[in-house]
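J.: Below you'll find the structure I mean.
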Amino acid sequence: MSAGYEFVPLPARVRRVRRPEAVHDRRVPGTLSAVLSLTFVTEQQVHVGAGSKELVDDDVVRQGLLIHGRPGVPGASMKGVLRARYEAITRSCVTLKPSRGQVRVRSSSGIQSARLDDRLLDGDVFRAKEEAADGDLCPACALFGRMSLRSRVTLTDFAIKGDALFEVAEIPEQFSPNLHHVGRGSRRPSSEREHDRGAHFEVHELHGRKFAVGRGPVADKARWQKIEVFPKGSALQGTMRVHNALPRELGGLLVALGWKRESALKIGGGKGQGFGRIRLQHLVAHLRDPAGRAVELEDAWITMFERSEDCHAEGMARLVEIHQGDC
Ligand SMILES: [Zn+2]
């Protein structure tokens, strides 16, 4: 059985360097401006919640989000998915820093509390905050922005084509992994006096970045919720723009989009419960150099990305691998 999530290993070191292309006030030689019209096909039902509920035939249904009257995905959510994937395939920092402090866990192994140790949380991959201050940037912060630095990647909202509306599906109550499953560490047996509180677990090394895939376990007593989803087989359309993009950065973005090094993306709710799988089906690129001349998209940019020092090859191989088949 699947756990409902997999890990992509973190890079040994984050690559923080000067990145002159990470500016907005001028066009930088050697870069391109890109407008990519993207069409994804939904391979599973997709739930993007509107944050509201309605009563339908005595059932509470979590409503799906409408974009201009059509079921869809906000640009910010799409960008979040792409950033997480771009971070995973590059030697970038982790922007979603796990919290310091102890959490209570429920486990059959007797472990009742766990925490990430300080040395881990002070590590190189979690230094995103300090990064903006000294001017050196990791690949993902340079492209997707950080603190005062605006993102060079923007995405419109995505909406489904045609006249299909929502259908209603059922999903078990959310399941999240216990903290002692996210990494390697040590278990401290509880003393006699602490017996009631159970054993404690310290995580020293993370398995990596977590991605929800597969179908996780459903508790016997799980409560099921009704949700509005857009149907499998829908075409989801929107536009991505990139400013001052180096060809190898575009290569990395194409991999993050699941293009050529083919892999599916997961979006919305229930990603670890058989929902949210989408796949890039069609891409139309309009690219211009700083002089305004049209440029053709080249698959060679993906190879340039793979050969660049920004690429985290092990992470990329794993990200692609866990997003194959019925993920
Ligand atoms: Zn960074």
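J.: So which residues in the range 130-156 are under 18 Å from residue 209 (Cα atoms) and not small (Gly, Ala, Ser)?
T.: Those that are under 18 Å from residue 209 (Cα atoms) and not small (Gly, Ala, Ser): 138, 139, 141, 144.
J.: Identify, by number, the condition in (1) open to solvent by 50 Å² or more (accessible area, probe 1.4 Å); (2) in a loop (DSSP other than H, G, I, E, B); (3) in contact (Cβ under 8 Å) with a residue 12 or more places away in the chain that residue 62 doesn't meet.
T.: (2)
J.: Just a yes or no: is a residue in the range 19-26 within 30 Å of residue 183 (Cα to Cα), of a type in the set (D, E, K, R), in contact (Cβ under 8 Å) with a residue 40 or more places away in the chain and in a loop (DSSP other than H, G, I, E, B)?
T.: No, every residue in the range 19-26 fails to be within 30 Å of residue 183 (Cα to Cα), of a type in the set (D, E, K, R), in contact (Cβ under 8 Å) with a residue 40 or more places away in the chain and in a loop (DSSP other than H, G, I, E, B).
J.: Would a scan of the range 74-91 turn up a residue that is in contact with a helix residue (DSSP H, G or I) (Cβ under 6 Å, 6 or more places away or on another chain), open to solvent by 30 Å² or more (accessible area, probe 1.4 Å) and either of a type outside the set (Gly, Ala, Ser) or within 25 Å of residue 316 (Cβ to Cβ) (or both)?
T.: So far as the range 74-91 goes, yes, one or more of its residues are in contact with a helix residue (DSSP H, G or I) (Cβ under 6 Å, 6 or more places away or on another chain), open to solvent by 30 Å² or more (accessible area, probe 1.4 Å) and either of a type outside the set (Gly, Ala, Ser) or within 25 Å of residue 316 (Cβ to Cβ) (or both).
J.: Among the residues of the range 27-53, write down those that are open to solvent by 70 Å² or more (accessible area, probe 1.4 Å) and farther than 24 Å from residue 254 by Cα.
T.: Those that are open to solvent by 70 Å² or more (accessible area, probe 1.4 Å) and farther than 24 Å from residue 254 by Cα: 51, 53.
J.: How many of the residues in the range 67-98 are among the hydrophobic types (A, V, I, L, M, F, W, C) and modelled with pLDDT of 95 or more?
T.: Matching residues across the range 67-98 total 8.
J.: List the pairs whose first member sits in the range 68-92 and is under 13 Å from residue 255 (Cα atoms) and more than 16 Å from the ligand (Cβ to nearest atom), whose second member is part of a strand (DSSP E or B) and not small (Gly, Ala, Ser), and whose Cβ atoms are under 7 Å apart, counting only residues at least 6 apart or on separate chains?
T.: 81/265
J.: Something else now. Filter the range 134-180 down to the residues that are open to solvent by 40 Å² or more (accessible area, probe 1.4 Å), at pLDDT 90 or above and within 16 Å of the ligand (Cβ to nearest atom) and list them by number.
T.: Passing the criteria: 136, 150.
J.: If I ask for residues that are farther than 22 Å from residue 29 by Cα, under 21 Å from the mean Cα position of the chain (by Cα) and not basic (Lys, Arg), which ones from the range 272-305 would you list?
T.: Within the range 272-305, 272, 273, 274, 275, 276, 278, 280, 281, 282, 283 qualify.
J.: Among the strands (runs of 3 or more DSSP E) lying completely within the range 221-306, list those that include at least 1 residues that are under 19 Å from residue 36 (Cα atoms), open to solvent by less than 60 Å² (accessible area, probe 1.4 Å) and at pLDDT 95 or above.
T.: Strands (runs of 3 or more DSSP E) meeting the threshold: 235-245, 277-288.
J.: Follow-up. Tally up the residues in the range 1-25 that are within 21 Å of residue 327 (Cβ to Cβ) and among the charged types (D, E, K, R), please.
T.: The number of residues fulfilling the criteria is 1.
J.: Which count do you get for residues in the range 261-291 that are out of contact with any Gly (no Cβ under 9 Å at 6 or more places or on another chain) and either in contact (Cβ under 8 Å) with a residue 24 or more places away in the chain or of a type in the set (Val, Ile, Thr) (or both)?
T.: Number of matching residues: 12.
J.: Could you please find all residues in the range 114-133 being assigned to a strand (DSSP E or B) and either near the ligand (Cβ under 10 Å from one of its atoms) or open to solvent by less than 20 Å² (accessible area, probe 1.4 Å) (or both)?
T.: 114, 116
J.: Take the residues in the range 93-106 that are surrounded by fewer than 16 Cβ atoms within 10 Å (Cβ to Cβ) and outside any strand (DSSP E or B); name whichever of them is farthest from the ligand (Cβ to nearest atom).
T.: Selected residue: 106.
J.: Before we move on, is residue 202 acidic (Asp, Glu), in a strand (DSSP E or B) and touching a strand residue (DSSP E or B) at 6+ places or on another chain (Cβ under 8 Å)?
T.: In short, yes.
The values are calculated or read from the model by the stated rules, or taken from the named source; none is laboratory data. Worth saying up front: this structure is predicted, and the values here are computed from it rather than measured. With ideal geometry, Cβ positions are generated from the backbone for all residues, glycine too; neighbour counts draw on all protein chains shown. Ligands, DNA and RNA are excluded from the accessible area calculation, which covers all protein heavy atoms including side chains. Shrake-Rupley method; radii C 1.70, N 1.55, O 1.52, S 1.80 Å.
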